[in-house]
1. What are the residues in region 35-54 that are surrounded by 21 or more Cβ atoms within 10 Å (Cβ to Cβ), polar (S, T, N, Q) and farther than 14 Å from D114 by Cβ, if any?
2. Return the total of residues in region 33-45 being at pLDDT 95 or above and out of contact with any helix residue (DSSP H, G or I) (no Cβ under 6 Å at 6 or more places or on another chain).
3. How about region 91-127: which of its residues are closer than 18 Å to Q77 by Cβ, in contact (Cβ under 8 Å) with a residue 60 or more places away in the chain and assigned to a loop (DSSP other than H, G, I, E, B)?
4. Got a number for residues in region 85-122 being loosely packed, with under 14 Cβ neighbours inside 10 Å and closer than 15 Å to S37 by Cβ?
5. Can you name the number of the only condition in (1) surrounded by 12 or more Cβ atoms within 10 Å (Cβ to Cβ); (2) more than 11 Å from the chain's Cα centre (by Cα) that A15 fails?
6. Going by the structure shown, is R25 without any contact (Cβ under 8 Å) to a residue 24 or more places away in the chain and closer than 21 Å to A115 by Cα?
7. Taking the criterion of being buried (at least 16 other Cβ atoms within 10 Å of the Cβ), touching a helix residue (DSSP H, G or I) at 6+ places or on another chain (Cβ under 6 Å) and among the basic types (K, R), would at least one residue in region 62-84 satisfy it?
8. Quick one: is V32 surrounded by fewer than 16 Cβ atoms within 10 Å (Cβ to Cβ), out of contact with any Phe, Trp or Tyr (no Cβ under 8 Å at 6 or more places or on another chain) and of a type in the set (A, V, I, L, M)?
Amino acid sequence: MLLLDTHLILWAAFAPERLSAKASRQLRSREVPLIFSLASLWEVAIKTSLARPGFSVDVKLLHGALISEGFAELPIQPAHLARVAGLPWIHRDPFDRLLVAQALEERLTLLTSDAALKPYGRFVKVV
């Protein structure tokens with residue numbers, strides 16, 4: 001199963017031209033189930049609340065669209081938070097760290113375009 005990084009979710013929804021050919025193929029194929037984390041929706045909600053120019057996403061609509069497209073939802077569990085505490089400080093973004101922890105704990109592959117996450121291990125797939 002593939003856990004999508006937040007930026008891939010946003011690009012797929014609002015700017016598919018930003019997706020690499022490899023990422024587009026992964027998202028279209030659906031050979032492997034696609035999962036989104038509630039951490040990604042939390043990140044989007046925070047960024048929207050900051051009222052940055054050009055960033056305004058309705059989290060409820062995004063959530064509904066992901067569900068209607070057949071994505072599975074991954075809640076945030078205490079075990080995920082405990083895993084964050086033990087991660088090396090390769091990356092400082094708290095949302096990315098939580099996604100890495102969730103992928104590790106749930107034995108998922110984290111699909112991302114952020115090469116800075118690759119040192120976390122083989123379960124991180126950069127596209």
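The values are calculated or read from the model by the stated rules, or taken from the named source; none is laboratory data. Small disclaimer: the values here were computed from a predicted structure and weren't measured. Note that each Cβ is placed from the backbone with ideal geometry, even for glycine, and that neighbours are counted across all protein chains shown.
1. Across region 35-54, the qualifying residue is only S37.
2. First, pick out the residues of region 33-45 that are at pLDDT 95 or above: 34-45.
Narrowing the set further to residues that are out of contact with any helix residue (DSSP H, G or I) (no Cβ under 6 Å at 6 or more places or on another chain) leaves 34-35, 38, 42.
Number of matching residues: 4.
3. Within region 91-127, L108 is the sole residue that qualifies.
4. 2
5. Unmet condition: (1).
6. Details: without any contact (Cβ under 8 Å) to a residue 24 or more places away in the chain: yes; closer than 21 Å to A115 by Cα: yes.
Yes; evaluated as a whole, the condition is true for this residue.
7. Yes - at least one qualifying residue is present in region 62-84.
8. Values: surrounded by fewer than 16 Cβ atoms within 10 Å (Cβ to Cβ): yes; out of contact with any Phe, Trp or Tyr (no Cβ under 8 Å at 6 or more places or on another chain): yes; of a type in the set (A, V, I, L, M): yes.
The answer is yes for V32.
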